[in-house]
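This report refers to the structure that appears directly beneath it.
Read the figures in this text as sums done on the coordinates, not as results from a lab. Because the structure is predicted, anything quoted here is derived from the model rather than measured. Glycine gets a Cβ as well: all are built from the backbone with ideal geometry, and neighbour counts include every protein chain shown.
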Amino acid sequence: MQKNNYRHCQLNQIGGFLLLVFAFLFLLSFSVSAADYVVQGEEITFIEQTGLVVFEGSPVFKSADFTVRADKFELDTENKKLKAYKNVLIESDKDDLRGDSLEYNYQLETGSLYDAKGSVGQIYFSGSELNILSASPVEGVMQSAEFTPCSRPEAHYHFKAKEVRINPDNTITIHHIVPYIANIPVFYFPYYSVTYDPDGKEGEELRNTFPLPRFGYDAEKGVTVELSYPYQIGDSNSGRIYYWREGSGEERDERREYLNIQRFTENLSFKNRYYYLYDYDFEDEVLDEEEKEFRSSLLYTPGNLSLEAGLLRDLLPAEPVNRYFVEANYQFESGLKTGLFKKYDPEQKEIIETVYTADYRFGTGVNASLRREYNSEELIKENYSLSHNQTAVNWNLKYVAGEDYNYYPYLELSFPAFYSFKTSLGTGRVENGGVELNKSRLNLNYNNSWQLPAGFSYHLTHNYRLDHYQSGYDQNYHFSVLNTGLRYRNQLNKKLLFKSALFYRQDRVMGSTPLVDDREEEERLLKPSISLDIRGDYPDSAWALEADGSFDLSSEEWDEINLRLRKKEDCFDFFIGYEFVDKSINFGLSI
């Protein structure tokens, strides 16, 4: 539903404060035992009365995961405590932290770093005190935190938080957040909650990562707004407020959601959720979907069982309709996951919807899943799949019935890349738009680029698709997308960088298809672009004048012509532009 349109203005306030999380996780990774460290120093003094060993002269405390440096160490081997004084530097493979002093119990894995400062990735932060409460499970607190992605001595903007806490349940709660622009406070959040997955893929460890609204503007669609606000109040109440809107009137995309969870006990919670969806197809100019409902339920989660039951109120009709639902999910020790959902209509006095689900991963790496949906009378939808993606050739066998595009069944094979070529095959029986037949598909994609002399480079992408239809049709349908062109780059001097490009795109169709959703459209486009960057005094600072366009060779008309003035810094990217075909102004700000 959300459109990523370059012409839209975006105020993307994505988690400057969230990189503090990585600072926590770095510091909380101090998993050392009493026999797993080395302390070195040019001057070593043993004080017999106190049992302390004092290290001076560039002392170093080394473990498998980190290194601590300071002007002076005091090591209490009896109590397993390390104290570091002045110019404290904590080094890891990824990031460094600095502080005025450090107290750390390397046996209990607890401690504090005072006047903490550092950078994680491209985020610079500081805090009066960083407390390590536990390393297993991870738990820690930073007091009076301040952070910014701006590397300048006087930051363009920064965030302040009274407290940032990492909880044992893999959530991070940030208390009393105030964003500042040019040292002027502009907003306030009492609480903010982030979910952290320590086993997630790199770059995907965090969810709900922007605390401030994102805004956009386009002269044709108007203002775009997005707000996601996960919150946690105390230990027993949490939730999320979400709002997204693009366009106006009937021609809009909109989504509103309010979720609140009140936890009574460790296993019993009370949930309330309001949800509204308005999904408009701007291309076909029709309303795709509209939903409006409220749910109120009790959630019981003992062990591997999740059981939820309550009221589901459909608010879209003039007279709201009440229904009741129950949903149960259970995960067996073997890894098998099963689910059951039932919806009951009190007016009809019958169950109007039933859904069964199951998922299992075999030891061979094969994934199996099923979903069966019934109305009050019969089975209306089926979805079964077997897949494997841990070998050179990945495959997926699926059976789908009751949807717009059905498979009875269908096998897909994906082959590894070979000299910039990527190939996949599919074959089976399908149904779409009332037509059922046997179908085979070949996808052959190529993507490569070559560096040429004098600052030029050549780029070529070609995606080819062949659909072969049988069962009395005996037809071939070819669809290809060619995108090729030249780029030019010239560093005129230390301040000026000139870039240009000219690309040709052709979407081509040959043959005919009896399946509606397989049909594509042809087009031929010429896409020129040019830009001049003027570098600033800082490495990531620049002004840029940019122009690009798209010319339709078939209609011999310009689809769009854009002119933009852009200001780029390490902590924000702003542009203002004019589109000459639609005669519209657009601007964007990404933070």
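Choose one of L486, F498, L515: the residue whose Cα lies farthest towards the positive end of the charge dipole of the range 477-518 (beta-carbon charges +1 Lys, Arg; -1 Asp, Glu; about the Cα centre).
Going by the charge dipole, the pick is F498.
Calculate, for S151 and D71, the FRET efficiency according to 1/(1 + (r/R0)^6) with r their C-beta to C-beta distance and R0 30 Å; round to the nearest 0.05. Before the final figure, lay out each step's value.
Details: r = 26 Å, r/R0 = 0.88.
Calculated transfer efficiency: 0.70.
Less than 25 Å apart at the alpha-carbon level, and either on another chain or at least 8 residues along: which lysines does that give for K422?
K201, K398, K439
Report the calculated FRET efficiency for W543 and T484 (r = Cβ-Cβ distance, R0 = 41 Å), to the nearest 0.05.
Result of the calculation: an efficiency of 0.85.
Could you work out [θ]222 nm for the chain from helices alone, using -39500 (n - 2.57) per DSSP H run of at least four and dividing by all its residues? Round to the nearest 500 deg cm²/dmol. Write down the numbers at each step before the final one.
Details: 1 runs with 9 residues, N = 591.
When only DSSP H runs of four or more count, the value is -500 deg cm²/dmol.
Could you work out how much longer the chain between E557 and H462 gets when fully extended? Use 0.36 nm per residue separation minus the Cα distance between them, nm to one decimal.
Computed gain between E557 and H462 is 31.7 nm.
What is the P(r) of the chain, as percent of Cα-Cα pairs per 20 Å bin from 0?
Going from the shortest bin to the longest, the percentages are 14, 38, 39, 9, 1.
Gain in length, E378 to N304, computed as 0.36 nm per residue apart minus the alpha-carbon separation, to one decimal in nm? List each step's numbers first, then the result.
Numbers: separation 74, 0.36 × 74 = 26.64 nm, distance 3.04 nm.
Answer, rounded to one decimal: 23.6 nm.
Expressed in nm to one decimal, what extension gain is obtained for the pair I534 and Y578 from 0.36 nm per residue of sequence separation less their Cα-Cα distance?
Values: separation 44, 0.36 × 44 = 15.84 nm, distance 2.03 nm.
The I534-Y578 span can extend by a further 13.8 nm.
May I ask which residue of S457, S144, V38 lies farthest towards the positive end of the charge dipole of the chain, with charges of +1 (Lys, Arg) and -1 (Asp, Glu) on Cβ and the Cα centre as origin?
So the residue furthest toward the plus end is V38.
How far is it, in nm, from the label point at K160 to the one at A328 when both lie 7 Å from their Cα along the line to the Cβ?
Output for this residue pair reads 5.4 nm.
Return the FRET efficiency for the residue pair E48, K86: r is the Cβ-Cβ distance, R0 is 25 Å, and the value is rounded to the nearest 0.05. Let's see the in-between values first.
Numbers: r = 25 Å, r/R0 = 1.00.
Between E48 and K86 the formula returns 0.50.
Filter K499/K583; K494/K568; K495/K568; K343/K381 down to the pairs with a C-alpha to C-alpha distance above 19 Å, please. Write down the numbers at each step before the final one.
Values: K499/K583 25 Å; K494/K568 17 Å; K495/K568 14 Å; K343/K381 16 Å.
Too far apart for the 19 Å limit: K499/K583.
Under the rule of at least 5 residues apart or a separate chain, name every residue whose amide H is placed under 5 Å from the amide H of S471.
Amide H neighbours of S471, under 5 Å, 5+ apart: N438.
Under a crude label model (7 Å from the Cα following the beta-carbon direction), how far is S128 from E291 in nanometres?
Reported label-point gap for S128 and E291 is 4.6 nm.
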